[in-house]
Amino acid sequence: MYRSTLFASTFAAVAYAQQAGVLTTETHPSLPIQSCAAGGACTTLETKIVLDANWRWTHDTSGFTNCYTGNTWNATLCPDATTCAANCALDGADYAGVYGITTSGNSLKMGFVTGSNVGSRVYLMDTTDTTYKLFKLKGQEFTMDIDVSQLPCGLNGAVYFSEMEADGGSSKYPTNKAGAKYGTGYCDSQCPSDLKFINGESNSVGWTPDSNSANSGSGNYGSCCNELDIWEANTISTAFTPHPCSVSGGSYRCTGTECGDGADRYNGVCDADGCDFNSYRMGNKTFYGPGSGFNIDTTKPITAVTQFVTSDGTAAGTLTEIKRFYVQNGVIFANSAANIAGVPADNAITDDFCAAQKSVFGDTSSFATKGGLATMGASMDRGQVLVLSIWDDYEVNMLWLDSTYPTTSTAPGSQRGSCPITSGVPAQVEADYPDAYVIYSNIKIGPIGSTFSAGTGTGTPVSSSTADPVTTPTATSPAGTVPRYGQCGGINYTGSTVCAAGSTCTYSSPYYSQCL
């Protein structure tokens, strides 16, 4: 990932803290997953989700006064980091009404804009209300169904694992009274500094409000940990990416150079770039995208299978390979192979693949210097928390995922998707696509080959009568018109071909034209 600020929430009353509030009861929505055994027999685990603390309303412990309003701190309640933590209470969440988060059976739907709130991030809890579920996936596979049909350019439905503490850090940092029950303890490989509380103290020291967001800012500290991106995607592009760090054992509060901000990106404690596999970036531009002209049609639900192969085939071995399969309409597809001169025609992430990719693309190989797959495997041994999210990118407009980035580059690896370099501006995306959403469902874990029907990409398609209906992202625009970056043509497309003012229906392939 290229993000430094993961999400931008514009919920008007947002504030953040580490005490547990009592004004709203915190009820965790159910999201059961399945644990499978060799041979495919699966058992249901009654797991739940919890909203990240950074989205919650936080107020003084004795009333309703915000500790943080807009993008500034309440100086009276928060004169310093420790006093702020003592004065402020983190309250329960209205998941559906305020954040657009709903569950049904084993399915989770995350809306993009709900009222004044934008995006969200949740964690999978175990069967209790006080601890996250820790996953240890070496020698295992992780499978889930994903519907990205309503995610246009500039949006990201992201699923990943972070090496967070199971209790949200409450035992390690006694000033954190809210714990995992209220979604505390977040960290990732970008060492985010937009978190309002880190290690049970406020991040208000050196806090600078963001110039392009009325609600967010950044403090002197960041929160770092190993991160394993399983799925980052919209209708145009997808990537899976391990990000190793030189720190371990849960979240690490960084400051200065070790956070890797700006010019220090490759001097920090984590590999912010990671080693990504994006089919478009790796030379196959027809593998993943909207319509029947692609192997994986993003207008329909997708089953993504990620396998974590070790040196000896067991959980005790060294992580050596991350493999991907897709299942759609009854057909199993191996991941596309790299088609870049100088890079082996592999379709999985290995240390050798990453070394060749970094060399050919001219990228700094912080992946190798941070220990590569072996370091990521060691993090998996300690346990990682599952994160599910939807977000837009206030830093670089998601161009690192679905467009050309850097925008002026013609070098190998700079083309990451077909979205124009003018796309993804959060204000535009939020205005045009408030009703966008992502659906995650049918999560399974188990030994390799246990969670889906194994194959090599040559299955029998389901009949057209049982195929999923084709849908396209919807947006707010004048009646009968397609908003900028929406689909306006292509084989089997039946929607409007009239683009909103300021954009023109532009041919991309026989199956897809887009308002640009």
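The values are calculated or read from the model by the stated rules, or taken from the named source; none is laboratory data. Since we're looking at a predicted model, the values are computed, not measured. Here the Cβ positions follow ideal geometry from the backbone for every residue, glycine too, while neighbour counts run over all protein chains shown. The accessibility values were calculated without ligands, DNA or RNA, using every heavy atom of the protein model including side chains. Shrake-Rupley method; radii C 1.70, N 1.55, O 1.52, S 1.80 Å.
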Residues within region 178-215 that are outside any loop (DSSP other than H, G, I, E, B), under 23 Å from Thr27 (Cα atoms) and hydroxyl-bearing (Ser, Thr, Tyr), tallied: 1
Tally of residues being of a type in the set (D, E, K, R) and either farther than 16 Å from Cys36 by Cβ or in contact with a His (Cβ under 9 Å, 6 or more places away or on another chain) (or both) across region 139-162: 1
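For residues that are of a type in the set (Phe, Trp, Tyr) and part of a loop (DSSP other than H, G, I, E, B), scanning just region 393-407, find the one that is farthest from Ser216 (Cα to Cα).
For region 393-407, the residue satisfying everything is Tyr405.
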For Asn66: the one exception among (1) more than 27 Å from the chain's Cα centre (by Cα); (2) at pLDDT below 90: (2)
Test: residue in region 250-273 that is assigned to a loop (DSSP other than H, G, I, E, B), in contact (Cβ under 8 Å) with a residue 40 or more places away in the chain, more than 22 Å from Val396 (Cβ to Cβ) and of a type in the set (Phe, Trp, Tyr): no
Total residues in region 48-72, condition open to solvent by less than 40 Å² (accessible area, probe 1.4 Å) and not in a loop (DSSP other than H, G, I, E, B): 11
Residue check for Ser359: of a type in the set (Ser, Thr, Tyr), within 23 Å of Met282 (Cα to Cα) and part of a helix (DSSP H, G or I): yes
Any hit, region 239-248, residues being open to solvent by 10 Å² or more (accessible area, probe 1.4 Å) and of a type outside the set (A, V, I, L, M): yes
Members of region 359-377 found to be of a type outside the set (Asp, Glu) and open to solvent by 10 Å² or more (accessible area, probe 1.4 Å), listed by number: Ser359, Val360, Phe361, Gly362, Thr364, Ser365, Ala368, Thr369, Lys370, Gly371, Ala374, Thr375
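When you go through Tyr266, Tyr182 one by one, which is the residue that is over 28 Å from Val429 (Cβ atoms) and surrounded by fewer than 22 Cβ atoms within 10 Å (Cβ to Cβ)?
Tyr266
Let's see how each residue does on (1) assigned to a strand (DSSP E or B); (2) open to solvent by less than 50 Å² (accessible area, probe 1.4 Å); (3) within 29 Å of Ser218 (Cβ to Cβ):
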{"site": "Val98", "(1), (2), (3)": "no, yes, yes"}
{"site": "Tyr123", "(1), (2), (3)": "yes, yes, yes"}
{"site": "Asp145", "(1), (2), (3)": "yes, yes, no"}
{"site": "Gln150", "(1), (2), (3)": "no, yes, no"}
{"site": "Cys153", "(1), (2), (3)": "no, yes, yes"}
{"site": "Glu165", "(1), (2), (3)": "no, yes, yes"}
{"site": "Asn176", "(1), (2), (3)": "no, yes, yes"}
Leading residue by the ranking (nearest to Cys419 (Cα to Cα)) among those in region 482-502 that are hydroxyl-bearing (Ser, Thr, Tyr) and at pLDDT below 75: Tyr485
Qualifying positions in region 126-143 - open to solvent by less than 10 Å² (accessible area, probe 1.4 Å), over 25 Å from Gly289 (Cα atoms) and in contact with a Pro (Cβ under 8 Å, 6 or more places away or on another chain): none
Members of region 339-349 found to be under 23 Å from Ile296 (Cβ atoms) and either surrounded by fewer than 17 Cβ atoms within 10 Å (Cβ to Cβ) or touching a helix residue (DSSP H, G or I) at 6+ places or on another chain (Cβ under 7 Å) (or both), listed by number: Asn339, Ile340, Val343, Pro344, Ala345, Asp346
